[in-house]
Amino acid sequence: METSMSSAADSPGPSVASGDTATPLIEQTLGDFFDAQVTRQPDHEALVSAHQGLRYTYRELQTESNRLASALLGLGLVPGDRVGIWSHNNAQWLLMQIATAKVGLILVNINPAYRTAEVEYALNKVACKALVTMARFKISDYLGMLQELGPQRLPHLKTIAWIDEPGLTAEAPGLMRFSQLLASGDAGDARLAAIGPTLRATDPINIQFTSGTTGFPKGATLTHRNILNNGFFIGECMRLTPADRLCIPVPLYHCFGMVLGNLACLTHGATIVYPNDGFDPLTVLQTVQAEKCTGLHGVPTMFIAELDHPRFAEFDLSSLRTGIMAGSPCPTEVMKRVVADMHLREITIAYGMTETSPVSCQSSTDTPLDKRVSTVGQVQPHLEVKIIDPDTGAPVPRGASGELCTRGYSVMHGYWGDEDRTREAIDADRWMHTGDLATMDAQGYVNIVGRIKDMVIRGGENIYPREIEEFLYRHPQVQDVQVVGVPDRRYGEELCAWIIAKPGQSPDEEGIRAFCKGQIAHYKVPRYIRFVDQFPMTVTGKIQKFRIREAMKDQLGLEEERTA
């Protein structure tokens, strides 16, 4: 990717870079842009949902999303209302993404790993009026959790539609089936044509919850302009065309799935392929072969699971060319295997955060391999990045570490209903402060070297220890708790909780885990739990989390994973 910057080769220079602006930004709404794509190639395959046995051309996807948009209006919803989607990957998810955008509804992504306390908070925080949900998935009983909460604890929620599939039975008295909701709509509804011209590219379209350092998730609010352009320029980095078929095993409730996946494809007329509802390495391999996929997304742990699957050698993956690895650092040896054994010679690395729609930096298909494994690429088009001294705010010299900041079209609308937190994250000059420590080299390649705050990344999931601490404080036997991340070979990091018990109490690991079960997502439950009498502290009384981490590394014999 081209970057316009001062000649850093002659002098260290400041760590500031601006993306190329030759290709103009898209100033349409998602619905208008999608409809134009349908006109160009109505009969081209748009979606394959392998596990559901469903296929849609671009025209069929348009017809069904229009029908769903009409049905949502039929519920009494109006532009600006929030509608939740609580589901793993399926065709209904994509239909909701397009349908809500077409009529100005704001799609609220609910993490399928959420449990009762988390979904209650999320739905009420943004006053969701309608929710489309899976009935159940593995051990998650979504309808059971919603019925447990009931109307009293979810006062804004007026309609729940559960995704019914052939052969799926669910006892849900009083709730609507998704198939019934869809059937109630009219693909030719005149209201769609009337609402469309009233929408603006700068209108909010999507809310995604990010774990908050305050203990409560924040609703990052994104616009048409945010995610449509980000999806487009991500696809440009991958050199997507209508001939591409992208396998998307990453979750749609993350920006990774819905922007780097769905929108990268839809903006380039490519084909979206879902191998399964949740990640399974075997179905990914089977689907890539069966559908002759040219692209594959994943976090490093997904690629490792695919490469190490006992049946890996059975599959013909020669159709693969590109894709994105993101979510956590990629070990060098894994990248080499992905390129050599999976034919992903043009795989790219992306970096970003939900609040920036999400990608700020990305490598391109021709970025040298050593740069792909040691950096997160260069700044994306129409964006600026700088690396600053967290104390002074001044850009640091090239090669020096500091806080990475991003500015441009991708910066979120704000945190829903939280102006204070928004102002903390986005400064007066519209720079988004990421909280990540980074360096920039002479060519503008950015390397993420750490985190200012103590966020843990477990298998691509961002976890803020403060949120887990706040939850564990509710336990009647817990007096104090500190949560840190410790190295893990499989997930990159795992959670560890140090707990001080209340006087006279004797909590145990089993009881703590039982307290967490069903209340917080499984990946937020600490793998390691230790009971201590005190925490390591400075002379001024500040807890030293790094010393907890070091102590656990020594105790467990853990080592940091090297990424380059």
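The values are calculated or read from the model by the stated rules, or taken from the named source; none is laboratory data. As the structure is a computational prediction, the values presented were derived from the model and not from experiment. Counting neighbours? That spans all protein chains shown, and the Cβs are built from the backbone with ideal geometry, glycine included. The accessibility values were calculated without ligands, DNA or RNA, using every heavy atom of the protein model including side chains. Shrake-Rupley method; radii C 1.70, N 1.55, O 1.52, S 1.80 Å.
The helices (runs of 4 or more DSSP H) found entirely in segment 1-111 that carry 1 or more residues being surrounded by fewer than 24 Cβ atoms within 10 Å (Cβ to Cβ), of a type in the set (D, E, K, R) and more than 24 Å from the chain's Cα centre (by Cα) are 30-40, 58-74.
Kindly establish whether PHE471 is in contact (Cβ under 8 Å) with a residue 12 or more places away in the chain and surrounded by 20 or more Cβ atoms within 10 Å (Cβ to Cβ). Answer is yes for this residue.
Here the condition is being surrounded by 14 or more Cβ atoms within 10 Å (Cβ to Cβ), at pLDDT 95 or above and touching a Leu at 6+ places or on another chain (Cβ under 6 Å); of PRO526, PRO487, PRO507, it holds for PRO526 alone. Applying the criterion of being under 15 Å from ILE347 (Cα atoms) and polar (S, T, N, Q) to the residues of segment 283-327, the residue that is farthest from the chain's Cα centre (by Cα) is SER318.
Before we move on, is LYS502 touching a residue at least 12 places away in the same chain (Cβ under 8 Å) and closer than 22 Å to PRO217 by Cα? In short, no.
Applying the selection to segment 320-369, what residues are farther than 29 Å from TYR464 by Cα and without any contact (Cβ under 8 Å) to a residue 12 or more places away in the chain? Matches in segment 320-369: ALA340, PRO368.
Just so you know, in segment 394-419 the residues that are closer than 12 Å to ALA438 by Cβ and charged (D, E, K, R) include one that is surrounded by the fewest Cβ atoms within 10 Å (Cβ to Cβ), and it is GLU403.
Residue-level check: of (1) within 30 Å of ASP141 (Cα to Cα); (2) surrounded by fewer than 16 Cβ atoms within 10 Å (Cβ to Cβ); (3) at pLDDT below 90, LYS453 misses just (1). Inspect segment 515-523 for any residue being touching a strand residue (DSSP E or B) at 6+ places or on another chain (Cβ under 7 Å), open to solvent by 30 Å² or more (accessible area, probe 1.4 Å) and on the phi < 0 side of the Ramachandran plot and give the result as yes or no. Checking segment 515-523: not a single residue is touching a strand residue (DSSP E or B) at 6+ places or on another chain (Cβ under 7 Å), open to solvent by 30 Å² or more (accessible area, probe 1.4 Å) and on the phi < 0 side of the Ramachandran plot.
Restricting attention to segment 441-458, does a residue exist that is charged (D, E, K, R), touching a residue at least 24 places away in the same chain (Cβ under 8 Å) and farther than 30 Å from CYS330 by Cα? No, segment 441-458 contains no residue that is charged (D, E, K, R), touching a residue at least 24 places away in the same chain (Cβ under 8 Å) and farther than 30 Å from CYS330 by Cα. Where the second residue is open to solvent by 20 Å² or more (accessible area, probe 1.4 Å) and of a type in the set (Lys, Arg) and the first is free of Cβ contacts under 8 Å to residues at least 40 places away in the same chain and closer than 29 Å to PRO24 by Cα and lies in segment 396-411, which pairs have Cβ atoms under 7 Å and are six or more apart or on separate chains? What qualifies is CYS405/LYS386; ARG407/ARG430. Of the residues making up segment 337-364, those that are open to solvent by 10 Å² or more (accessible area, probe 1.4 Å) and more than 20 Å from ALA17 (Cα to Cα) number 8. One residue stands out among those in segment 474-484 that are open to solvent by less than 80 Å² (accessible area, probe 1.4 Å) and farther than 17 Å from LEU556 by Cβ: the one that is modelled with the lowest pLDDT, which is ASP480.
Residue pairs whose Cβ atoms lie under 6 Å apart, separated by 6 or more positions or on different chains, with the first residue in segment 373-393 and open to solvent by 20 Å² or more (accessible area, probe 1.4 Å) and the second of a type in the set (Lys, Arg) and not in a loop (DSSP other than H, G, I, E, B), are GLU384/ARG407.
Residues to consider are LEU383, LEU369; find the one that is more than 28 Å from VAL484 (Cα to Cα), of a type in the set (A, V, I, L, M) and over 22 Å from the mean Cα position of the chain (by Cα). Selected residue: LEU369, the only one of LEU383, LEU369 that is more than 28 Å from VAL484 (Cα to Cα), of a type in the set (A, V, I, L, M) and over 22 Å from the mean Cα position of the chain (by Cα). Scanning segment 464-486 for residues that are closer than 22 Å to PHE256 by Cβ, over 19 Å from the mean Cα position of the chain (by Cα) and charged (D, E, K, R) turns up nothing. Contact map, segment 121-147: residues that are at positive phi paired with residues that are part of a loop (DSSP other than H, G, I, E, B) and surrounded by fewer than 17 Cβ atoms within 10 Å (Cβ to Cβ), Cβ distance under 8 Å, separation 6+ or inter-chain. Pairs shown: ALA127/HIS156; LYS138/GLY278.
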